[in-house]
Structure formats: C-alpha cells, structure tokens
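The values are calculated or read from the model by the stated rules, or taken from the named source; none is laboratory data. Keep in mind the model is a prediction, meaning the values are calculated, not measured. FYI the Cβ positions are ideal-geometry reconstructions off the backbone, even for glycines, and counts take in every protein chain you see. Side chains included, ligands, DNA and RNA excluded: accessible areas come from the protein's heavy atoms. Shrake-Rupley method; radii C 1.70, N 1.55, O 1.52, S 1.80 Å.
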Amino acid sequence: MEFQTVGIIGSGAWGTAMAQALARGGHSVQIYTRSSELADAINNKHENTQYLPGYKLNSKVTASTDIADVADDKDILLLASPSIYLVDSVKRILNVPSIAHGRTHIGVLTKGFLVSDSGEPKLILETLESMLPVSYSHNLVYIAGPSHAEEVAMGKLTGLITASENPKNAIVFRQLLRVPGLMAYSSFDVIGVQICAAVKNVIAIVYGSLDAIAEDSEIFGDNAESLLLAGGLNEIQTIGFAMGATHAETFTSISGVGDLDVTCKSKWGRNRRFGRDIIKNGILSKFKNLDDLIANMSSIGYLAEGAVACKYVHQIAEEKHLKLVICSGLYRILNREIEPEDFLTDLLVRG
C-alpha cells in the first residue's frame with residue numbers, strides 16, 4: 001500500500017478521529033485548527049483536548065493554524081468543518097497552488113446542507129464544486145456511513161461509503177480508507193448518500209426525545225422506537241428521491257439504514273443527546289424559536305447538526321410539496337410551536 005500525505009480541514013471529533021485512523025494505517029496527516037492552544041495539544045500532548053479528549057493520537061498526526069499550509073501539496077485533502085463553517089473554510093484555500101491546479105484529491109466528511117446567497121438549501125458537493133476550480137467539477141468524493149468519532153478513534157470496526165460521480169476518485173478514497181478498523185465501499189449515488197447523512201440527524205433528535213419519554217412511559221418502548229426509526233427512514237428516502245437520488249439500495253445500505261440506526265441509538269450521538277435534553281433538561285426553553293437556537297447553538301455546549309438540517313429539510317419539503325410528518329413535527333417542536341410529548345403521542349398513538 002502506498003502511503004499518502006493527508007490534510008484535514010477541521011479539528012472537531014470526526015476530523016480528528018479520521019486523522020487517527022489514517023495515521024494508524026501509515027499515512028501522514030496534518031489537521032487545521034483555528035486554535036493555537038489546540039494545535040499545541042495535538043503536536044505536544046498528542047491529544048485533541050477540546051473535541052476528542054482521552055484518546056492518544058498517533059505521532060503521524062500533527063496540527064497547524066495555517067490553513068494554506070495544511071491544504072497545500074497534499075495527496076489528499078479532507079474537508080471536515082461543520083456545515084455552518086464549511087464555505088468560509090473552502091474560500092480560504094482556493095488560491096492554494098495544489099488546489100488551484102487540481103493536483104490534490106478532495107473528499108468531504110461534513111454532513112448537512114449548505115445555503116445559497118438567497119437562503120435556498122443546497123447539497124454540499126453541488127455547492128463546493130461551484131466554488132472550486134473547474135477540474136473538481138463532478139470529481140469530489142463524499143464520505144459517510146455509521147461512524148461515531150469515538151469508536152473510529154479507538155479502532156473499532158467501522159464501514160464507510162465513498163460516493164462520487166467519478167468512479168476512479170471513489171476508488172482512490174476507498175483505498176485510502178482501507179486501514180485497520182475501517183472498511184470502505186464505493187457508490188455513484190452522491191445525492192442519496194448526502195441526503196442520508198444530513199437527514200438522519202433530524203430523525204435522531206426525535207428518536208432521542210422518544211427514548212427519554214419512554215423511560216417513564218407505559219405506552220412507549222422498544223417497539224415504538226423501531227416504528228419511529230422505520231418511519232424516519234421512509235422520510236429520508238422520500239427526500240432523497242425528490243432531490244435526485246439514483247439508487248434505492250442507498251437507503252438500505254450502511255449510508256442509509258446503517259447510519260440512521262447508529263445515530264439514533266448510540267450513546268455517542270450528539271443529536272440523540274439533544275433530543276433527550278429537550279425532554280430531560282428543557283433545553284428549548286432558552287430559545288425563542290429555531291432561528292434563535294441555530295444562532296446560539298454554541299450555548300448548549302455541543303453541535304446538534306440535526307437542528308440546523310431540520311430548518312432546511314422544512315424548506316425542501318415546502319418547495320417540493322413533500323409529506324414529512326416526522327421532520328415537519330420536529331421543525332414545529334424546535335420552533336416552539338408544539339410540545340414534543342404531544343407530537344409523539346399524536347404521531348405514534350393516534351396515527
């Protein structure tokens with residue numbers, strides 16, 4: 001196996017876990033972070049003390065606060081910034097020589113939607129390919145699958161999908177990701193895989209709320225949670241085909257049902273946690289509506305991407321006249337229009 005030089009834009013848990021996995025396989029990985037303190041911790045303590053504390057990083061993982069240095073002259077560049085920061089990150093690397101000349105293969109780890117200047121939600125690859133040099137058009141690779149950062153960092157077995165319109169590029173990343181602890185498979189359904197990755201976080205918030213309610217309920221239990229999960233998968237598929245997904249098996253593969261299952265059920269899931277916090281801690285009481293929540297997301301102490309995605313799923317549903325009972329219900333919950341207990345009772349008991 002030929003070892004690669006890899007840059008990762010984004011020093012969150014997922015980007016750091018991917019760096020650790022690739023370094024474990026022999027690749028040299030450099031992470032971009034805005035924090036000089038975090039860069040020092042990664043370089044000297046070999047630990048991401050802020051976003052992935054407690055995991056000793058491989059010596060092949062380093063960090064820098066110079067985004068151009070991280071992006072330039074790498075074989076592979078992985079974009080792992082949260083969706084709300086991704087466009088700004090990409091704007092800062094457009095003039096990096098190896099990017100400007102299309103020499104570096106680019107893969108995307110970010111989940112969610114991006115927003116046009118008019119406020120319209122857009123898929124991530126579509127947006128980035130319109131920004132990057134023309135050589136990247138139809139050549140970016142989207143990477144997703146059931147993959148909590150903590151387990152990836154520990155080296156526990158994880159399956160991923162590399163989706164691209166260019167089959168050769170999908171294979172490049174599939175080979176890159178075949179390191180100890182990771183299994184990788186290719187897909188051409190770039191739209192379907194992106195929709196699965198974004199919308200499963202929306203469903204996971206509702207699932208987390210139901211899970212919290214079920215602890216003290218005579219009505220809800222495991223059966224109700226499976227009912228919700230199945231209904232959520234149907235809505236993901238409905239959105240996917242409306243947006244242009246090409247393969248039904250995308251939704252029954254690890255990028256669909258696999259990622260949805262782990263996001264809803266795992267103790268590591270931030271969106272599940274957010275759903276539970278809605279019930280257990282009344283976390284929504286701090287916010288006037290969904291826009292207020294998104295604007296002040298940092299105040300909750302972790303990033304619930306599903307709350308951001310929920311806003312854009314609602315816009316897509318209205319534009320395309322889609323009936324999405326679960327996603328629309330969450331939108332109304334986060335917008336402080338209805339109570340989650342009332343919504344889930346109406347959904348699962350009254351139908």
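Just to be sure, is GLY10 out of contact with any Cys (no Cβ under 8 Å at 6 or more places or on another chain), in contact (Cβ under 8 Å) with a residue 24 or more places away in the chain and among the small types (Gly, Ala, Ser)? Here the answer is yes, as GLY10 does meet what is asked.
Within the option set ILE171, ILE203, ILE161, ILE143, being touching a residue at least 60 places away in the same chain (Cβ under 8 Å) and in a helix (DSSP H, G or I) holds for one residue only, ILE203. In segment 249-302, the residue that is farthest from the chain's Cα centre (by Cα) out of those that are surrounded by fewer than 14 Cβ atoms within 10 Å (Cβ to Cβ), of a type outside the set (D, E, K, R) and part of a helix (DSSP H, G or I) is SER285.
I want to confirm something. Restricting to segment 226-240 and keeping residues that are in contact (Cβ under 8 Å) with a residue 40 or more places away in the chain and not β-branched (Val, Ile, Thr), which single residue is farthest from ARG350 (Cα to Cα)? In this case the residue turns out to be GLY240. Within segment 64-87, the set of residues being at pLDDT 95 or above, out of contact with any Ser or Thr (no Cβ under 8 Å at 6 or more places or on another chain) and under 20 Å from LEU123 (Cβ atoms) comprises just one member, LEU78. Does ASP211 satisfy being surrounded by 24 or more Cβ atoms within 10 Å (Cβ to Cβ), among the charged types (D, E, K, R) and in contact with a helix residue (DSSP H, G or I) (Cβ under 7 Å, 6 or more places away or on another chain)? No; evaluated as a whole, the condition is false for this residue. Residues of segment 69-113 that are open to solvent by 40 Å² or more (accessible area, probe 1.4 Å) and in a helix (DSSP H, G or I): ASP69, ILE84, TYR85, ASP88, LYS91, PRO97, ALA100.
Does ALA204 satisfy being within 20 Å of GLU341 (Cα to Cα), open to solvent by less than 30 Å² (accessible area, probe 1.4 Å) and within 16 Å of the chain's Cα centre (by Cα)? Even if it seems obvious, please write down each step before you answer.
Values: within 20 Å of GLU341 (Cα to Cα): yes; open to solvent by less than 30 Å² (accessible area, probe 1.4 Å): yes; within 16 Å of the chain's Cα centre (by Cα): yes.
When the stated conditions are applied, ALA204 passes them.
Of ALA212, ALA245, all but one fail to be farther than 16 Å from GLU305 by Cα and not in a helix (DSSP H, G or I); the exception is ALA245. I want to confirm something. Restricting to segment 150-201 and keeping residues that are of a type in the set (Lys, Arg) and touching a strand residue (DSSP E or B) at 6+ places or on another chain (Cβ under 8 Å), which single residue is least open to solvent (accessible area, probe 1.4 Å)? Across segment 150-201, the extreme among qualifying residues is ARG174. Listed by first and then second residue, the pairs with beta-carbon distance under 9 Å, at least 6 apart or on different chains, first residue in segment 260-271 and farther than 14 Å from GLU150 by Cβ, second open to solvent by less than 10 Å² (accessible area, probe 1.4 Å) and not in a helix (DSSP H, G or I), are ASN271/ALA304.
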